[in-house]
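Report on the following structure.
What follows is calculated from the coordinates using simple rules that are stated; it is not laboratory data. Please read all numbers here as calculations on a predicted model, not as lab measurements. Positions of Cβ are generated from backbone atoms using ideal geometry, with glycine treated the same way; all protein chains shown enter the neighbour counts.
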């Protein structure tokens, strides 16, 4: 199939199966590492759009493109990379996600020891985090100082280092403050070794076989999301029009205003730019999410706020639509 034909397919029609892909041997390798550590849980693995391990589910979602080399090439062509395509990195990510799955399976985050070492898991998950590159209070596993993003990521990264065969963590981290976190992980896992997990559900969130989106729709949203977040332009424009301070009691939240006028805003911009409304809708969705996270409120009148919102949406949609290569048909 050509890229254009492939992009027109729905996820549920791809017919992908983990057992017939290279993913199978990596999952078996992960299970072997857990078995050697005396851990009974085998996180169930399913195909979805992205990597994730949902709260309360002792399992791992793996991106669809890793189940077929043709889809992997498509991912790399559009996104310039295919996260997990490298064999070594794939195993690293699986260990990291297994940390989340084990945390869910044994409800480790509820334990006092977990909270004392990693902090409260209930902390809000930040849209961005400012890492301290030289800090030795966190292990290094996936890169980009990911352990510093949130207590749950700190645990998952530390677990992954602990689980990795021949990682030499006792020697490599001996003089690091992060050493006590590795010791805490060993203590926590020792306490559940050979034990049956209290959470054993096999729930699969957003599995591929029930996903009716096309690959083109998926990549449009993914490109819009990555560009908006990476460039930070959306935040800059949002903060020009809205404010984190509620200047008037009756001032509505920016996200509420944008949601209420979602259809006319997207339709107007699509007509003005002569593009599919879907593109404008995806950019608007990201603006709503960002304004929600930033807790922004309308600064002046609704009329002025809507006029600016229309201009902002038109500018961003035009920018990101023009920058998308290759063209993604709907």
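Each of residue 51 and residue 206 was given a label point 7 Å from its Cα along the Cα-to-Cβ line. The distance between the two points is 1.5 nm.
From its DSSP helices (H runs of at least four residues, each -39,500 (n - 2.57)), the chain gives a residue-normalised ellipticity at 222 nm of -16500 deg cm²/dmol. For a paramagnetic label modelled on residue 170 (point 7 Å from Cα along Cα→Cβ), amide N atoms under 16 Å away belong, within segment 19-38, to 37.
Calculate, in nm to one decimal, what residue 199 and residue 278 gain on full extension: separation in residues at 0.36 nm each, minus their alpha carbon distance. My answer for the length gained is 24.5 nm. Mean separation of Cα pairs under 8 Å and 6 or more residues apart, divided by the residue count, gives segment 3-192 a relative contact order of 17 percent. Distance between the pseudo-spin-label points of residue 88 and residue 307 (7 Å out from Cα toward the beta carbon): 5.8 nm. With angles folded into 0 to 90 degrees, how steeply does helix 151-163 sit against the dominant principal axis of the chain? Use alpha carbons for both and round to 10. It is inclined by approximately 40 degrees. Against the main long axis of the alpha-carbon atoms of the chain, helix 277-293 sits at an angle near 60°.
Each of 169, 311 was scored by other Cβ atoms within 10 Å of its Cβ. Arranged with the fewest first, they read 311, 169.
Beta-bridge orientation, the chain: approximately 50 percent antiparallel, per DSSP, counting only bridges with both partners inside. Taking the chain as a Gaussian network of alpha-carbon nodes connected by springs under 10 Å, the highest mean-square fluctuation of the residues 37, 271, 109 belongs to 271.
Taking other C-beta atoms within 10 Å as the exposure proxy, 173, 31 rank 31, 173 from fewest upward. Please report how far the C-alpha centroid of segment 231-309 lies from that of segment 58-117, rounded to the nearest whole angstrom. First find each Cα centre; the distance between them is then 33 Å. For the chain, the longest principal axis of the Cα atoms and the long axis of helix 23-36 meet at an angle of about 40 degrees.
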